[in-house]
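The values are calculated or read from the model by the stated rules, or taken from the named source; none is laboratory data. In this text the structure is predicted, and so the values were computed from the model without any measurement. Counting neighbours? That spans all protein chains shown, and the Cβs are built from the backbone with ideal geometry, glycine included.
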Amino acid sequence: MPQRSRAKAWVLVFLILFLAVVASVSYLGWRQTVPGVQSLSTPPRFLGQKTPFTVVLEARRGNVTQVEVRVAQSGKATTVAKQEGALGRRVEIPVVVDSAALGLREGSATIEVWARDDFWRPLRRADRAIAGHSVTVDLTPPKIELLAATRYLSPGGSGLVAFRVTGAARTDVSAGPLVFPSFAFGPEDRGARVALIALPWDFDPAVSLAIRATDEAGNAASRGIPAEIRPRKFPRDTIEIKDAFLQAKVPELLPQRPTTQPLVEGFLVINRDLRRQAEDAKRRISGTTADKPLWQGPFVQPRNTKVFANFAELRTYVHAGREIDRQVHYGYDLASTRQSPVPSANKGVVVFAEPLTIYGNTVVVDHGLGLQTLYAHLSSTTVKVGDAVEKGQELARTGSTGLAIGDHLHYEVLVNGVSVTPLEWWDTKWIRDHIGKPLKEAGLPEISGAEARAEEPAARPAPRPARRRR
């Protein structure tokens, strides 16, 4: 072989070896520089007495094989969560920091997240924290000061509580599972809050009423509301469902119903499922409320109307001599002349004006602080959502839309979506005693027309329901 050819061969071999070395070094360098596990979550800014949170991690390559979460304070670090093994590419680690058990003190601390993956690298890295988050340890729960509250409550009734809370991020009032929002009220430097509370018609007197407060660290405080629960009885009635009614209403309210389905079965879907949907909608609508009272004085009953179906009336529905269903009637049914004017019971803002399942055409007026009135079975409406209305202003005309047999107005008073008896809110003395008096005792501004008085003549009782079937 010529000398020149041998030289070329050696050069080729050298280039191949050089490229192999460069490629190997580059590959090893790449593996060494691949980032490790990354933290995708941010712990809370505060640690309370017992604070839960979740740490989310992801390996850039391979799988996470070890995770350790530590809390460091004053030079001492304590492990609060640790997992090892083939944990997967992305992992979520639940963590609960029990500050007392760890001996943490109020002040600054650091949450450290340590993690490792199974991706091979030529040189093993020293263990280190992949994330560190500064937090504040806060072990002091909020302080609740009860200022005043309605002293006597009844099932299906309502009242007011005034209080002051310091050091809280969230505050509400509860009656068993029901939760009522509170609102800042009065001079800002007083720091007072008020909440309207409602007891459902079937309220259990053994259930406690309480103010609850939680701070950013998750520390919670609770204080009971002293109130005497006075019993109240509700009427019963039997409603006869006739075929003519079913033939008119079932296709109207359940147009998608197969024509082969018996009308009674369609009625039960309406009376149960659509009724439940309407109750859920009332709860949702209650979230749209002013943070101040819009109403003034007692609520008004439409003129020349007669109550012929009462609040919380337990109705038994009978068809062809057989009981087919039982439901509770929320509100009053008010009878007058056909398509009579429907006035707003008080000042407020319209927050709903459209069909609402069994209620037919419906208007809901918000009066602030979670207090609302509902007007249903309307033949027509003259207002729209967002309209400000005055007490006595016409909202609509009565009708028979929805699950109504004849022309009438279905009228409800709602406190945060819970139906209460309208009779209380029609009564000037009741409003002054149950709303105005607690505000006065708390040293807060009273609502116009609802000022508490030492002496007040008994209010004219509302019309008693007639025993009339519908």
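General observations
- Region 318-412 holds strands (runs of 3 or more DSSP E) entirely within its bounds, and those carrying 2 or more residues that are within 30 Å of Val173 (Cβ to Cβ) map to 322-329, 348-355, 361-366, 371-381.
- Residues in region 232-262 that are closer than 18 Å to Thr401 by Cα and in contact with a helix residue (DSSP H, G or I) (Cβ under 6 Å, 6 or more places away or on another chain): Leu246, Val250, Leu253, Leu254.
- Residues (more than 29 Å from Lys143 (Cβ to Cβ) and surrounded by fewer than 13 Cβ atoms within 10 Å (Cβ to Cβ)) located in region 205-247: Arg230, Pro231, Lys233, Arg236, Thr238, Lys242, Asp243, Ala244, Gln247
- Residue match in region 131-143 (condition: in a loop (DSSP other than H, G, I, E, B), of a type in the set (Ser, Thr, Tyr) and in contact with a strand residue (DSSP E or B) (Cβ under 7 Å, 6 or more places away or on another chain)): no
- Only one entry in Leu209, Leu139, Leu153, Leu146 is over 15 Å from Gly224 (Cβ atoms) and of a type in the set (A, V, I, L, M, F, W, C), namely Leu139.
- Residue in region 94-111 that is touching a Phe, Trp or Tyr at 6+ places or on another chain (Cβ under 6 Å), surrounded by 14 or more Cβ atoms within 10 Å (Cβ to Cβ) and either closer than 17 Å to Ala129 by Cβ or among the small types (Gly, Ala, Ser) (or both) present: yes
- Positions within region 169-180 being surrounded by 14 or more Cβ atoms within 10 Å (Cβ to Cβ) and either assigned by TED's automatic domain parsing to the domain that holds Gly287 or more than 23 Å from Gly48 (Cβ to Cβ) (or both), in sequence order: Ala175, Gly176, Leu178, Phe180
- The lone criterion from (1) over 14 Å from Asp118 (Cα atoms); (2) not assigned by TED's automatic domain parsing to the domain that holds Ile111 left unmet by Gln32 is number (1).
- Test set (1) surrounded by 14 or more Cβ atoms within 10 Å (Cβ to Cβ); (2) more than 21 Å from Leu123 (Cα to Cα) - Val67 fails condition number: (2)
- In region 38-48, the count of residues that are touching a Lys or Arg at 6+ places or on another chain (Cβ under 6 Å), hydrophobic (A, V, I, L, M, F, W, C) and either more than 30 Å from Leu104 (Cβ to Cβ) or loosely packed, with under 14 Cβ neighbours inside 10 Å (or both) is zero.
- Some residue of region 51-63 being assigned to a strand (DSSP E or B), surrounded by 12 or more Cβ atoms within 10 Å (Cβ to Cβ) and among the basic types (Lys, Arg): no
- Set side by side, the residues Arg275, Arg315 differ, and just one is over 28 Å from the mean Cα position of the chain (by Cα), at pLDDT 95 or above, within 30 Å of Leu196 (Cα to Cα) and surrounded by 16 or more Cβ atoms within 10 Å (Cβ to Cβ), which is Arg315.
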